[in-house]
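No value in this document is a laboratory result; all are computed from the given coordinates. What you see is a predicted model, and the numbers here were worked out from it, not measured in a lab. Cβ atoms come from the backbone with ideal geometry, glycine included; neighbour counts cover every protein chain shown.
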């Protein structure tokens, strides 16, 4: 995912149309840019034509906050070469030397690893498509960027899309009333499966960790995780020219990969903003504007919460069933809808 | 009839005369005279007026794939000025030091798309920047380079969609992960067949697979089959 300049981001273009500023999203966007630039300098020339340093999570979504960790892996898409392990260890050492990333990636073992493209592309479904493999694949599509050299990253993402579209034999087929099916259902089903996996794993982590961090995970599940899933579903529907309003979309797999690849280059928030931007001149414009304002403003508040140490600490300590945090209102009258 | 033939470099490296002898009397209508190393170019240009090229309806020259700025000005461009206008000159964009020096070649110049090991000239966007600098130049579409850069052939699709009308020549072969040219495999021909229908019928196909004399006919047959499958062969 290439980082777009703030001025060209469809998110802030939508904000202009709606007369909204979303200062916390702006701040997170700018902070992400700074962190990515720092990482780019730190890890300069570590990736190659056949490998990319992939970062997912809040940095991939351009939502960096004080508490963000760094979920990364070295993605290799090339001939087997034992030197990749040396590159991985070097990258790991460099990242662990940065104060703000001392915390390290999550404990599930999905990140902070050397990862190869073959299982990600080849093993979709079936017993060998592990939780880790699915997670890496879906996050590569929905919320990831490459630090520096992105050739392997770009190739693998297109390779994944190609798998989903090639196996979808009913794609472009007309139904009994002559409507073409543009929505890639294999992809849609796998995104949905991943969302269900996240939801089930939420309960698993609750069990495994004895409710520790329950509230913060719950909030994230209902906001950033759900947003990512929704933006993935929207990506599937974006394939339909009636939704994307893209002229001249061909009924051809490469054309659809091209469209999807460009759409997925955007962050989840940007994808949803693109949808609103494309439809604000429709008959439902006032309904869409109202909902867009409410949704993005709520998300802006969620980012604000993550950036406030006190609120975040309270949320981390909050036990399941004890909803003792008082909802607040901001100056625009939006109620804090996070919990 | 689509002109199909070989790169002399693929058949005999810098020994273009041996390569020409290998394809003599075969039903091959195109040839690319290759001088991929700087030191091969003077001999090729000197020999050019004396070569028997009557067999070929399409003849192209492949310029060296690496040279410094001094060589570009003092040697390469000076030598290539002696190449008749009717022979297109294939050039790797990443070798160019000063594009202004190349504008005089106009439509004779064909810019080739690069593989993933290179830092420029790989994508439609990067090619577009070169074509802006060299507005009359055409394209030598290297289908293996395009597949190497993006195995889904989406970038090939983009290049053909945006610049299909500027493609005058196609390079065809299979590349391994280390960018070495090999004979076409089933997998490669399958990938190529997805986009060859978008290549202009007038474009000549030049085989770059590194093959032996004994493999010339079978490699040619694969390319002919690919071309005919895509209904590129005109009456």
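For the pair the stretch A:251-267 / the stretch B:102-169, the C-alpha centres are spaced 21 Å from each other.
Segment residue A:38..residue A:94, full-extension length gain: 19.0 nm, with 0.36 nm per residue of separation and the alpha-carbon distance subtracted. Working note: Cα gyration tensor of the stretch B:63-142, eigenvalues times five, square-rooted, sorted largest first, giving semi-axes of 19, 14, 11 Å. A Förster radius of 60 Å, combined with the Cβ-Cβ distance separating residue B:25 from residue A:173, puts the computed FRET efficiency at roughly 0.75.
Do you know the relative contact order of the stretch B:1-83, to the nearest whole percent, from alpha carbon pairs under 8 angstrom that are 6+ apart?
Dividing the mean separation by the residue count of the stretch B:1-83 yields 30 percent.
Go from 0 up to the bin containing the longest alpha carbon distance in the stretch A:163-209, width 5 Å each, and give me the % of pairs per bin. With a bin width of 5 Å, the distribution comes to 5, 20, 17, 14, 12, 10, 8, 7, 4, 2, 0. When the helices of chain A are scored as -39500 (n - 2.57) per DSSP H run of n ≥ 4 and the total is divided over every residue, the value at 222 nm lands at -17000 deg cm²/dmol.
Simple spin-label estimate for residue A:85 and residue A:309 gives 4.1 nm between the two label positions (7 Å along the Cα-to-Cβ direction from each Cα). Dividing the mean sequence gap of close Cα pairs (under 8 Å, 6+ apart) by how many residues chain A holds gives a relative contact order of 21 percent.
Computing FRET efficiency as 1/(1 + (r/R0)^6) for residue B:224 and residue B:37, where r is the C-beta to C-beta distance and R0 is 30 Å, gives about 0.50.
Using all pairs of distinct alpha-carbon atoms, the Kirkwood hydrodynamic radius of chain B works out to 17.6 angstrom. Stokes-Einstein D for the protein assembly as shown at 10 °C, 1.306 mPa s, Kirkwood Rh over Cα pairs, in µm²/s? My calculation gives 60 µm²/s for D.
Before anything else, pin down the relative contact order of the stretch A:1-99: Cα pairs under 8 Å, at least 6 apart, normalised by residue count, whole percent. Result for the stretch A:1-99 is 24 percent.
Here the alpha carbons of the stretch B:1-83 define both size measures, Rg and Dmax, at 13.0, 41 Å.
The shape of the stretch A:84-241 comes out oblate: with a ≥ b ≥ c from the C-alpha gyration tensor, a/c is at least 1.5 while a/b does not beat b/c.
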